[in-house]
Structure formats: C-alpha cells, structure tokens
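*Asks:* Pasting a structure below so you can have a look.
The values are calculated or read from the model by the stated rules, or taken from the named source; none is laboratory data. Predicted model, so just to flag it, every value in this text is computed and none were measured. Neighbour counts run over all protein chains shown; Cβ positions are idealised from the backbone, glycine included. In case anyone asks, the SASA skips ligands and DNA or RNA and just uses the protein heavy atoms, side chains included. Shrake-Rupley method; radii C 1.70, N 1.55, O 1.52, S 1.80 Å.
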There are 2 protein chains.
Amino acid sequence: MTAQRRAVIEVIQTANEHLDAAALLDLARNREPGIDRATVYRTIELLKRLRLIDELDLMHLQGEKHYYEVKTRRDHVHLACFRCGRIEEYSSPLFEQLKAEITEQAGFEIRVTRLEVGGNCHACAEAEKKAQREASAKPR
Amino acid sequence: MTAQRRAVIEVIQTANEHLDAAALLDLARNREPGIDRATVYRTIELLKRLRLIDELDLMHLQGEKHYYEVKTRRDHVHLACFRCGRIEEYSSPLFEQLKAEITEQAGFEIRVTRLEVGGNCHACAEAEKKAQREASAKPR
DNA sequence: GGGCTAGTTGCGACTGGGTCGCAATCAATA
DNA sequence: TATTGATTGCGACCCAGTCGCAACTAGCCC
C-alpha cells in the first residue's frame, strides 16, 4: 500500500461523479504531486481485478474514454442522454431478476455486468416533442 | 449509395460472428479492393446513426476494439466468458420488461441498449469447480 | 533500527483504434 | 449530359492505454 495508490483510491471514493482516467490523474496529483499516468492506469487495473470498482463506457458519449465508480451493493443501469449528455442511474428488482435468470438458465457465473442505455432523458424528450409541435404548427 | 458502402454493409449482414473494424476492413477489401480504413469507419458511423447496426464492446475482452452486429428485432444480452473468451447471446422477456419499466418510470426515451455480462460460461465454471476439488483433495 | 527483497513507481517510447482536413472523384438529379 | 453536393483516399494526426527497464520503497525479518 503506497501513497500513490492511497491517493487514487481516495479520489475515486470521494468523487461524486464518474471520472475518467485523465480526471483521476489530475485529482490524484492534488494529493500526490509526482504521480504518473502509468501508475494511475495500473492502480485502476488492480482495483478492477479486486472488484472494488466498475468500469463504464457511458455509451462513448465523449469519445473512447472509460469511467470508473466504486462498486455498489446493487448493480444499476446507466442512462446516457445523447442530447444533453447527462448520466442518470437507475436500479430495479427486474435487473436483479434478469441476472438471476441468466445464472440459472444459461449456467453463466456472473462477475461483472454493464447495462448502458442511450437515448433522450425525460427533459430532452419533452423538449424535442415541443420543438416538433412548433415546427409543424408553422410550416414553411 | 456507393460501391464502398455496399461492400461494408454486405459484409456486416452476411457475417456470422461479431466483427471489429479491422476485420470488417479486410473482408470489405475482398469485395472492393481499394477501400480505405477511414471510409469503413465513416460507414460504421453512418449505420450506427441510422440504427441499422449496434456497437458492442464485449467487455473489452480483446483490448479496446468495438464490434458490430446488425440490429435484430429483439435486444439481447452478450455473455462474455473471461476464461475461454466465448461470447454467448441471451435474450429474455425480462429484459424487455426492464426496458419498458425504464421508459415508464424514468421517462427515458430509449434508442440503444447495451447489456454485457462478464464471468465464466457454464463449461468454464464447471472446469474451475473440478480443478478446485482436485486441488483440495490432494493438498501439498 | 538496519538491511533485504519483492513489489511498485516514473519515465520514455510505443501501440493501435479512431479522427480530420483536403483535394480528387462520383452518384444522383435536373 | 452537365452540375453539384456528398463521398472517397490519403496522410498526418490524436489520444487512451501499455510496456520495458532502472530506480525506489514498503514491509518484513533479524
């Protein structure tokens, strides 16, 4: 357990949004100035292997980066809005049921799950509907 | 509609496994020798936007590549085995229910979903159990 | 406390998937 | 058939992530 690892872990734990590796590096440097990019990646790798964090793609809304979050008791869905870029989290007993079904029916031993949904969030869906109504009310 | 696009589309449609961009390029070159990498990427982009294909990460089992498949009537889960690397597909009414619930409860307008599960497939789970039994039966 | 060693770090070079700008070309329409 | 907006090929480029290696250090044992 080195100072560098502690810094990375603390940053992930205290973050209240999804961080990518670059953001993680910046924040970790506040605590441990000299820390290197490679070290951050290696620590992420380690934490993934230990199942302490989950890796997310968030529908590649912002390029190919990966995001990280501490693994919670309950898996959740990430809802990524293509329009405003917001990420919502959603969890449901149905998801748990689905995982149980997969384990049972397919005999698959689940270690990680990643359910990402892309589309329009509630606010953006409403906004688009409104825009459409206005466009058809006054056709050119 | 150019010959290059036709080539890419035909390759994806007739493929019976998940292709990454590089494989797609190779196969497309069989049909359309001069076709360029950038063109393939641009066509993939286009097909994604038109919702004709889905993009998969397959749990980054083989690095950061993306894989593509033609969008089917029914969404399915991809089960990626960390041990043997096989990809299984699984679909269930529960998944459909979950999507309906998200639409309703969160007011989220779903356009794409990606559910990937990593772990051990049935065969590999059995193999590991067997290996463990043998290891504990004859401790050093 | 001091020395030993396996494991960790920093560095720099590298890989590989994917993107971009631009000039040349082409498909589709009039 | 002439026109033109879209598409292509090319080369340079970007950026996330990886690797090999020498230097360093945490943690243990004495």
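*Asks:* Would you please name the residue that is farthest from DNA strand D (Cβ to nearest atom), looking only at residues in segment B:45-76 that are among the acidic types (Asp, Glu) and either away from chain A (no Cβ under 11 Å) or in contact with a Lys or Arg (Cβ under 8 Å, 6 or more places away or on another chain) (or both)?
*Replies:* Going through the qualifying residues, I end up with B:75.
*Asks:* Sticking with this structure for a sec: Can you tell me how many residues within segment A:112-127 are open to solvent by 20 Å² or more (accessible area, probe 1.4 Å) and either of a type in the set (A, V, I, L, M) or touching a Phe, Trp or Tyr at 6+ places or on another chain (Cβ under 7 Å) (or both)?
*Replies:* 4
*Asks:* Checking the structure you have, find out if any residue of segment A:54-65 is farther than 25 Å from residue B:55 by Cα and open to solvent by 70 Å² or more (accessible area, probe 1.4 Å).
*Replies:* Checking segment A:54-65: not a single residue is farther than 25 Å from residue B:55 by Cα and open to solvent by 70 Å² or more (accessible area, probe 1.4 Å).
*Asks:* Which condition breaks for residue A:100 when tested against (1) open to solvent by less than 60 Å² (accessible area, probe 1.4 Å); (2) touching a strand residue (DSSP E or B) at 6+ places or on another chain (Cβ under 6 Å); (3) at the interface with chain B (Cβ under 10 Å from one of its Cβ atoms)?
*Replies:* (2)
*Asks:* Moving on. Residue A:13 - would you say it is within 9 Å of DNA strand D (Cβ to nearest atom) and polar (S, T, N, Q)?
*Replies:* When the stated conditions are applied, residue A:13 does not pass them.
*Asks:* Pull out all pairs, ordered by first then second residue, where Cβ-Cβ is under 7 Å, the residues are six or more apart or on different chains, the first lies in segment A:113-124 and is within 7 Å of another protein chain (Cβ to nearest Cβ), and the second is open to solvent by 10 Å² or more (accessible area, probe 1.4 Å) and among the hydroxyl-bearing types (Ser, Thr, Tyr).
*Replies:* Listed by first residue and then by second, the contacts come to A:117/B:113.
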